[in-house]
Amino acid sequence: MKRLLMLFCVILLSGGLFAQNIKTLISEAGGTDKYPNAAKITVFDSTIVDVQETGLSYVHIHQLYKILNAKGALDLSVIKYGYDPLSAFVDIKMVKVHHADGRTTDYDVSKVIDYPAPARAIYWGAREKMLEIGRLNPGDAVEVVFFKKGYTYALLAGEEDDERYIPPMRGHYYDIVEFFSNEPVLEKYYEVIIPSSKELQYEFYNGEVRSSVKFGDNTKIYSFTKRDILPMKRESGMVAWSDVAPKLLLSTSPDWYAKSMWFYGVNEDFGSFESTPEIDAKVNEILKGAKNEMDSIAKLTHWCADEIRYSGISMGEGEGYTLHTGDMTFTDRCGVCKDKAGMLITMLRAAGFKSYAAMTMAGSRIDYIPADQFNHSVTVVQLHNGEYMILDPTWVPGVRELWSSREQQQNYLMGLPEGADLMETPISPPENHYIYINGTSEIKSDGTLTGTFTIEAEGQSDASVRGVFSRAPIATWQDNLEKELLKVSPNAILKDVTHTKNSDYQNTPVKMTYTYEIPNYAVVTEDEVIFTPFVAKGVYQRAMGHLYTNTSYDERTYPFRTGCSLLLEMNEEVKLPKYKEVVYLPEAETVSGTGADYSGAYEVSKRKLTFNQKVTIKKRVFQPEDWSSFKTAVDNQRYMMEEPVILAR
C-alpha cells in the first residue's frame, strides 16, 4: 500500500507540473495545416503500470486530445471505456476541456454512467463507463485521467478486494501495447514498474522505440517512448495491423511451454472435461456404425459443430479463460469457441481418445514473446500413431473439414501436460479445395443460349458453394439456386437443377447440375456473333474469393490475404451458329509464381468452341513478393470473364 500511495504522489506531482505546460502543448501541437486529413490528434498518451507480486497491475492513464474539425468534436463528445467487472475495474478520475478561447471546464466525474455494454452472441456481463461532454469546437482539447486494475484475457476477449483482479496465471504479467493509431499521436509513453524479483522479457516489433531500464527501491522500471506516430496507409486485403505496425509485447512468463502447461492445468483443475452418464450415452449413439479412428473423430467433431449453438453465457468466476464443463455445455447446448472445443474434448475423452484444449489467434499473427495473443480456442486430439491433430468445431458447422483451412498459416498453442511450443498450421494444398465447373451449351441463330453445367467442390470451396443451402432457410433454396444464374445473366431461365443432399454433407462433396436457357444472350447480327461463354463469365463467384481482391496496386508494401487456397478448373464446349471466320479470341498470359498459377485458352474447331481455364491460389496469407503472380492470375480470370469472342458471319 505504501508503494501504491507513493506512486499516486508521483503521478499527481507529474500531473501538476505537466498541467503548467498543457496550453503550450496544445498550441504547439499544430492544426489542420499540419494534419489536413486528421479529425483530431493525440497530443500525448501516457500509461504507467505498477505490477504487484501477485501479477495484479494498477494502471494509470493520462491522455490529451486536440480537436481539429467537426468530426473530431463529435468523436470526443462522449468519453467511454469498456471493461469486464469480473476481472477489471475502471475509474474515470478527471475530464477537463481546454477551450480554444483559453477557458477550461472541469467535468463532474460523479456523473459517469456505468451500464451494460451492448452485446451480440456473447453475453458475459461486459459493461461500459461513459461521461457525456457535449458540444465541442475545433481548437478545443480534451484531457482525461483514468485508473484501472485487473486484466483482460485475450482468449475471448461482488467484493471490492483486489483478489478478483489478479490474473489467472498468478504472479505473471503481460501486455500488448499498440504504438500505432489511425490519428496522429505526438507522443506515446508506456512505463511498467515490476518487483525486482520478476524477470520481464519484451520486444518491440515493426519499428523503433526509445527505451530504458532503471532500478528503483526493490523495483525495475521499464519505459518506452515513441514520438510523431502518423497513420499508416491501409492496403485493401492486407493482414491485420498488429502484424505490420509498431507494437510492444511484454511478458514475465518464461516461454510458451509455461503458458501451455498453465492452460492445461487450469482446465483440468476446474474439471472442464469430466463426462456424465448422459454424455457417455450420446457419444455411444453418435459413434454407432463408426468405421475407424478418423470416422469416430469426424462424427464427434461435426456433432459439436452442428449441435452446439454459438452463444456465450457467463458461468461467473473463471469466464473467459476456463472452458465450461462438458456437462454445462451439453445441458445448455450453447457456448462460445472455448466451450464448443471443451464439449468436443469431453466427448473424445469419453470415447477413449486423449484430447486437450488449444489456443489460437484467428486473423493475425502470434509473435514469440509469450503474451496472451489469443482470441480463439480449438481442440487437439492425439491419434493412435502418437501425432496430434487439431479440430475446430466452431468454424466447421456444415463444412466437410475438421479443421477449417481458412485458419491455415495460423499460430496455435496446445495445452499439454508436458507443455508445448508455439506452432503454425500448414498451408492447405489447393487441390483440397477444388471447384470443377464443366458445361456444354449452344448458341441459337437468334442469340438464345441453351445449356447445362455441373459444379463440384470440396473443402472450403464446398462450404462456399453449399452456402446456398447451409446459410439460408430451406424455403429459399430454390430461389438461391436461381440467383446464381441471374448474377451471370438477368435473362436466365432455370429449367432444372439437381444436387446432392445438403444433410449428407459429411459423406458427399457438393455437386449441382443446372439446365438453363438465356434469350438474347449472344449478340447476333447479319455480320457478327459476339458472346462470352457462360462458364467463363464466372458462375458461382461466391466461391471465388480471390475475385474480390483489389488488384489496382502495382506492388504491395504489406503481406495480404484471401479466404483460402483454391484450385479452380472451368471447361465449356459451345456449339456455334453458322459463321465464316473467327475475328477475335481473347488470349491471356500463362503465369506460374509463388502466389498463384493461371492458364486459360480458347480453341475453335469448325462449329465447336472450347474454353478451358485453370486458376491455382496457393495459400491464404501471402508476402508482397507473391503479389505479381497473384495479381496476374486474378486479372486474367477477370479479363476472360469480360472479353467477348467475336465471329464473322
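The values are calculated or read from the model by the stated rules, or taken from the named source; none is laboratory data. Small disclaimer: the values here were computed from a predicted structure and weren't measured. Neighbour counts run over all protein chains shown; Cβ positions are idealised from the backbone, glycine included.
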Would you check which residues across region 272-290 are within 22 Å of F374 (Cβ to Cβ) and out of contact with any Lys or Arg (no Cβ under 7 Å at 6 or more places or on another chain) and list them? S272
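Can you confirm whether S212 is under 22 Å from the mean Cα position of the chain (by Cα) and more than 24 Å from I92 (Cα to Cα)? Show your work before the answer.
Values: under 22 Å from the mean Cα position of the chain (by Cα): no; more than 24 Å from I92 (Cα to Cα): yes.
So S212 does not fit the description; no.
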Please tell me if E555 is acidic (D, E) and modelled with pLDDT of 95 or more. yes
Quick check on this structure: which one of V109, V97 is in the same structural domain as V43 (by TED's automatic domain parsing), under 15 Å from A73 (Cα atoms) and not charged (D, E, K, R)? V97
Region 440-468, residues that are crowded, with 22+ Cβ neighbours inside 10 Å, closer than 26 Å to H546 by Cβ and not small (G, A, S): F453, I455, Q460, D462, V465, R466, V468
Out of the residues in region 581-612 that are under 23 Å from G563 (Cβ atoms) and surrounded by fewer than 16 Cβ atoms within 10 Å (Cβ to Cβ), state the one that is farthest from the chain's Cα centre (by Cα). S592
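Quick one: in region 495-527, of everything that is among the aliphatic types (A, V, I, L, M) and more than 37 Å from the chain's Cα centre (by Cα), which residue is surrounded by the most Cβ atoms within 10 Å (Cβ to Cβ)?
Taking region 495-527 as the starting set, the residues that turn out to be among the aliphatic types (A, V, I, L, M) are 497, 510, 512, 518, 522-524.
Filter once more, keeping what is more than 37 Å from the chain's Cα centre (by Cα): 518, 522-524.
On the way: I518: 21, A522: 23, V523: 12, V524: 21.
Out of the qualifying residues, it is A522.
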Checked pairs for region 294-315, first at negative phi, second crowded, with 19+ Cβ neighbours inside 10 Å and basic (K, R), C-beta under 8 Å and 6 or more apart or across chains, list as C304/K340; A305/K340; I308/K340; Y310/K340
Only one of (1) assigned by TED's automatic domain parsing to the domain that holds W303; (2) surrounded by fewer than 22 Cβ atoms within 10 Å (Cβ to Cβ) does not apply to T346, and that is (2)
